[in-house]
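The values are calculated or read from the model by the stated rules, or taken from the named source; none is laboratory data. Because the structure is predicted, anything quoted here is derived from the model rather than measured. Here the Cβ positions follow ideal geometry from the backbone for every residue, glycine too, while neighbour counts run over all protein chains shown. When the accessible area is computed, the model is the full protein with side chains, heavy atoms only, and any ligands, DNA or RNA have been set aside. Shrake-Rupley method; radii C 1.70, N 1.55, O 1.52, S 1.80 Å.
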Amino acid sequence: TFKETDLLITDISSIMMPYYLSGKPMIFCNSDEIEICPTYKDLLPTMYVANSWDDVMNIVERIRVEGDYMYEKRIKMIKSYFSDFSKPSKKIVDKLVELA
């Protein structure tokens, strides 16, 4: 479960958004072959981004030693980007239409 994890290492996946909302660090494994949707592009500056396995290992070690140095940026983004929870069904439909 998310509650028992320290961080997530992922590429584009369906668990990215719920994990992001946990506030915990996420290492996004970038790929030029996958187009990133606008929402994820907005969130990328608050995630750790790796372009190789060496990058992943370096980021994990840096977080282990220095702590989650992007935590405050991520929490600020969560509070601002996801603050309006009114009309969730309409927002989901609008987003699906936008992505179609």
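Key figures for this structure:
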item	result
Residues of segment 78-87 satisfying the condition of being assigned to a helix (DSSP H, G or I) and open to solvent by 100 Å² or more (accessible area, probe 1.4 Å)	Lys79
Failed item in (1) touching a Phe, Trp or Tyr at 6+ places or on another chain (Cβ under 6 Å); (2) open to solvent by 50 Å² or more (accessible area, probe 1.4 Å), with Met47 passing the rest	(2)
Count - residues of segment 59-77 that are surrounded by 13 or more Cβ atoms within 10 Å (Cβ to Cβ) and hydroxyl-bearing (Ser, Thr, Tyr)	1
Positions within segment 38-48 being touching an Asp or Glu at 6+ places or on another chain (Cβ under 9 Å) and at pLDDT below 95, in sequence order	Pro38
Matching residues in segment 13-24 - criterion: being touching a Ser or Thr at 6+ places or on another chain (Cβ under 8 Å) and closer than 20 Å to Asp55 by Cα	Met16, Lys24
Enumeration of residues in segment 9-36 that are open to solvent by 30 Å² or more (accessible area, probe 1.4 Å) and within 20 Å of Lys73 (Cβ to Cβ)	Ile9, Met17, Pro18, Leu21, Ser22, Lys24, Cys29, Asn30
Filter result for the condition that a residue is at pLDDT 90 or above and outside any strand (DSSP E or B), over Ile34, Ile75, Ile92, Ile9	Ile75
Qualifying residue in segment 62-78 (condition: on the phi > 0 side of the Ramachandran plot and among the basic types (Lys, Arg))	no
Cβ-Cβ under 9 Å pairs, at least 6 apart or on other chains, segment 82-100 side within 22 Å of Gly23 (Cβ to Cβ) and without any contact (Cβ under 8 Å) to a residue 12 or more places away in the chain, far side part of a loop (DSSP other than H, G, I, E, B) and open to solvent by 100 Å² or more (accessible area, probe 1.4 Å)	Lys91/Phe85
Asp42 being assigned to a loop (DSSP other than H, G, I, E, B) and loosely packed, with under 13 Cβ neighbours inside 10 Å	no
Output for segment 1-59, where each listed residue is among the polar types (S, T, N, Q) and within 21 Å of Tyr69 (Cβ to Cβ)	Thr5, Thr10, Ser22, Asn30, Thr46, Asn51, Ser52, Asn58
Residue in segment 47-65 that is within 27 Å of Ala100 (Cβ to Cβ), part of a helix (DSSP H, G or I) and within 11 Å of the chain's Cα centre (by Cα) present	no
